[in-house]
Amino acid sequence: MPASMPMWPRPWLPPAETEGIVAQLKQMAGAVVTAPLGWAARAIDPPLRLWQRLTGTGGMAAFFLLPNMAIFGVFVLLPLVINFAYSMTTGGALFLSDREYVGAAQYAQLLDCDDYTDPSTCAQDQFWTALANTALFVVLQVSLLIVTATITALILNRELRARSFWRAVFFFPVLLSPVVVGLIWRWILQRDGLLNAMIIPMGLDPVNWLIERNWAFAAAIGVTIWAHLGFYALILLAGLQAIPKDLYEAAEMDGTKPGRVFWRITLPLLMPNLLVVIVLALIRAVQVFDEAFVLTGGGPGTATLFLTQYIYEVGFASLLKNPGLAAAASILMGAVLVVLTLIQLAISRRNEKKGKLK
Amino acid sequence: MSRVSAFLFRRRGGKGWHWTDVVTFGWLFFGVIVMFGPALWLIMSSFKSPAQLAEFPPTALPYESRTVVVEGYDKPLPLFIVTDEAGTRTLAEVRRVGTTAQMVDPANSGEIQRVNIANRVPDRQVGFAWDNYVQPFLAFDFMLYLKNSVFVTVVATLITLLTNSMAAFALSKYEFRGRNAVMLTVLATLMIPLSVILVPLYSIISAVGLFNSLWGVILPTVATPTGIFLLRQYMLTIPDELLEAARMDHASEWQIYWRIVLPLTAPALAVLGIFSVVWRWNDFLWPLIVLSRKEVYTLQVGLNTYAGELNVQWHFILAMTVVTMIPVVIVFLFLQRFITTGIAGSGLK
């Protein structure tokens, strides 16, 4: 394991302005919070000294790791192991010990199709519908998202007045909760909503945006792009700002056209960041749930039913719960995510190595 | 106005306009409308009465009908501006039968006039339906949801900061066998988002009796790998000599962590704290699964439940959505620059 983790290509330090905010936060928290905390910290010091004398610094390392690793173990690693066992059992029982072992039957059922191009011929037609919807969603959403985020980043990277204001404009929806995002857009896209009120004066017919299949799907794509655009634009903007200015000055002196500058300088130098952003966006898109669920509830019919919602429905929400099947589906989805994450880590590490060479 | 536009549209170089400048400002203008517009529309709609919300096409501002108390009638009557052969005048409506309204002149309440409803428009003024905000606090369990959300957010953030910083301290300042294995494990968990382990996690939560408990929402989310990485990265920059000096003075390891390393890590802790607050406040899928009783709903789950009811009461939902937005908007307004530099530097989300 290298000294620095691949998630952070360059060791990142919070900016200097943090100091002021930290001072503010400290003041706000004040004595009310720090006094009991300090008291508690002092109280556990004597027993810890004893522990340190008995076990040495190795024991202290174990002590510091214990709380976090215990939570990790019980709530992340253990479930992961159980998930595999779960996916090979059947029945509605919740606890593993009460469940009947069926081997790979759940996987077989998920993958049982007469014709893989037609979900309705599959034993689990909803799974294949969700899979097809998710695949289409991932392709369309990620490509549109990357294009708009790149355009936004390029524009924010220009010499603008009030740049931090414009940056805030695009970033603002990122912090909103998915439920709020879903509700805002449900309100705008409903039949008597703002969007229809705006298009009627233009001479267009009102559309039932969330009730017509294709429009609902487009709405799910549009709304998730609206919510995440600022996040990716920001990472790309950081990448753009890291490109040395003298390259552009040299190009200007040579009288290079803007389009050529973009294809020959900006894009190649932005590529490492672009790749990371694409994979991050892919990982998010495969798991799409919150915004789409609040917006359309998976409907109309199954037009916007995605994989995570399928797992949720099969495992928890439907009357005929089948946790084993849900576990099998989640493992298939997890496999895709693991591959994507490994690609991301590989790219980050390669970027890091290149960074060192410079 | 012209000074504002001169300020916004002046280019730094002071050169003439190029087609790329047109594209730039077109995109920025479009961005302001599309990004801010929906939230603004939500806020304005949240102040409209149910009757106004049902109107189509909608008005931009919330309005309320003017009313008047007329002698001989118990309730205040709504006013309308009537225009017909008899001229334009303001009348109060007593009742409506089909397309005919029975109206009275407020000044002369004795005589009932019959008016075709096509000949009149409501007399309205800009007014805010504050009731949308007051009622959910009184009649719904909104206050309870708010309390639950605050509890989850605060407790989860505190636990996250404490456990993550302890682990990061061990991973950055100690040499011990298995350190790389621990780092690898943490790294591996980056690949396992919650949506992949929903079913088994649910069975574990049930087995330890945390189903329908806020602790069942809190615990699985606190051991964030991103938090450990962020803090470890920062702690690596703290010189080891500082720790050695403290050890010379017989400081215990706990004191070194608590009195030296933690205060020096404050900027990174602040970043993680802010992100944790936003994450936990916005969490939806996991609370949706763990919480099935109304008393333990968080705001996000409660809002979704209201919005999923057969008879959606938009006037309340819009107001509650605005309230749910407030903490995040406050965080955004005060710490925007700080968060954006944090994301740009670390890819944190």
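The values are calculated or read from the model by the stated rules, or taken from the named source; none is laboratory data. Fair warning: this is a prediction, and the values are worked out from it, not measured in the lab. Neighbour counts are summed over all protein chains in view; Cβ atoms, including those assigned to glycine, are modelled from backbone coordinates with ideal geometry. All accessible areas refer to the heavy atoms of the entire protein, side chains included, with ligands and DNA or RNA removed. Shrake-Rupley method; radii C 1.70, N 1.55, O 1.52, S 1.80 Å.
Could you please let me know if A:Thr308 is more than 10 Å from every other protein chain (Cβ to nearest Cβ) and either outside any helix (DSSP H, G or I) or open to solvent by less than 10 Å² (accessible area, probe 1.4 Å) (or both)?
The answer is no for A:Thr308.
Could you list, in sequence order, all residues of the range A:332-344 that are within 8 Å of chain B (Cβ to nearest Cβ) and open to solvent by less than 40 Å² (accessible area, probe 1.4 Å)?
Looking only at the range A:332-344, we keep the residues that are within 8 Å of chain B (Cβ to nearest Cβ), and these are A:333-334, A:337-338, A:341-342.
A:Met333, A:Gly334, A:Leu337, A:Thr341, listed by residue number.
Take the residues of the range B:292-317 that are of a type in the set (A, V, I, L, M) and assigned to a helix (DSSP H, G or I): which is farthest from A:Val181 (Cα to Cα)?
The extreme case among them is B:Val296.
Please determine, by comparing only the residues of the range B:41-63 that are among the aromatic types (Phe, Trp, Tyr) and facing another protein chain (nearest Cβ under 9 Å), which one is nearest to the chain's Cα centre (by Cα).
The residue in question is B:Trp41.
Those residues that are at pLDDT below 80 and in a strand (DSSP E or B), I need them from the range B:54-66; list them, please.
B:Glu64, B:Ser65
Is it the case that A:Ile155 is over 26 Å from A:Gly297 (Cβ atoms), in a helix (DSSP H, G or I) and open to solvent by 20 Å² or more (accessible area, probe 1.4 Å)?
The answer is no for A:Ile155.
Would you check if A:Ala326 is away from every other protein chain (no Cβ under 13 Å) and without any contact (Cβ under 8 Å) to a residue 24 or more places away in the chain? First the steps, then the outcome.
Details: away from every other protein chain (no Cβ under 13 Å): no; without any contact (Cβ under 8 Å) to a residue 24 or more places away in the chain: yes.
When the stated conditions are applied, A:Ala326 does not pass them.
Suppose we keep only residues that are farther than 18 Å from B:Ser292 by Cβ and over 23 Å from the mean Cα position of the chain (by Cα) within the range A:311-331. Which one would you say is surrounded by the fewest Cβ atoms within 10 Å (Cβ to Cβ)?
Among those that are farther than 18 Å from B:Ser292 by Cβ and over 23 Å from the mean Cα position of the chain (by Cα), it is A:Asn322.
Could you please find all residues in the range B:292-310 being farther than 21 Å from B:Leu158 by Cα and among the aliphatic types (A, V, I, L, M)?
Passing the criteria: B:Val301, B:Leu303, B:Ala307, B:Leu310.
Please specify each residue of the range A:273-296 satisfying the condition of being more than 7 Å from chain B (Cβ to nearest Cβ) and outside any helix (DSSP H, G or I).
Answer for the range A:273-296, where residues must be more than 7 Å from chain B (Cβ to nearest Cβ) and outside any helix (DSSP H, G or I): just A:Val288.
For B:Phe56, are the conditions met, namely being touching a Pro at 6+ places or on another chain (Cβ under 6 Å), of a type in the set (Phe, Trp, Tyr) and open to solvent by 30 Å² or more (accessible area, probe 1.4 Å)?
For B:Phe56, the condition - touching a Pro at 6+ places or on another chain (Cβ under 6 Å), of a type in the set (Phe, Trp, Tyr) and open to solvent by 30 Å² or more (accessible area, probe 1.4 Å) - is not met.
Kindly list, by first and then second residue, each pair from a residue in the range B:37-63 that is touching a residue at least 40 places away in the same chain (Cβ under 8 Å) and more than 10 Å from A:Ile184 (Cα to Cα) to a residue that is aromatic (Phe, Trp, Tyr) and assigned to a strand (DSSP E or B), limited to pairs with Cβ atoms under 8 Å and residues at least 6 apart or on different chains.
B:Lys48/B:Tyr63; B:Gln52/B:Tyr63
Results for (1) more than 10 Å from every other protein chain (Cβ to nearest Cβ); (2) in a loop (DSSP other than H, G, I, E, B); (3) open to solvent by less than 30 Å² (accessible area, probe 1.4 Å); (4) at pLDDT below 80, shown as yes or no for each residue.
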{"position": "B:Phe7", "(1), (2), (3), (4)": "no, no, no, yes"}
{"position": "B:Arg11", "(1), (2), (3), (4)": "no, yes, no, yes"}
{"position": "B:Trp17", "(1), (2), (3), (4)": "yes, yes, no, yes"}
{"position": "B:Trp27", "(1), (2), (3), (4)": "no, no, no, no"}
{"position": "B:Met35", "(1), (2), (3), (4)": "no, no, yes, no"}
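Need at least 1 residues that are open to solvent by 10 Å² or more (accessible area, probe 1.4 Å) and under 16 Å from B:Thr160 (Cα atoms) per element, so show me which helices (runs of 4 or more DSSP H) inside the range B:214-291 make the cut, counting only ones lying wholly within it.
Filter on the range B:214-291 gives B:214-222, B:225-235, B:266-282.
What's the number of the only condition in (1) under 28 Å from A:Leu269 (Cα atoms); (2) of a type in the set (Val, Ile, Thr); (3) facing chain B (nearest Cβ under 8 Å) that A:Ile200 fails to meet?
Result: A:Ile200 fails condition (1) only.
For the range B:264-295, name all the residues that are within 26 Å of B:Ile238 (Cα to Cα) and hydroxyl-bearing (Ser, Thr, Tyr).
B:Thr265, B:Ser276
Residue-wise test of (1) within 8 Å of chain B (Cβ to nearest Cβ); (2) in a helix (DSSP H, G or I); (3) open to solvent by 40 Å² or more (accessible area, probe 1.4 Å).
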| site | (1), (2), (3) |
| --- | --- |
| A:Ala35 | no, yes, yes |
| A:Arg53 | no, yes, yes |
| A:Gly58 | yes, yes, yes |
| A:Phe64 | yes, yes, no |
| A:Asn68 | yes, yes, no |
| A:Gly73 | no, yes, no |
| A:Val76 | yes, yes, no |
| A:Pro79 | yes, yes, no |
| A:Leu94 | yes, no, yes |
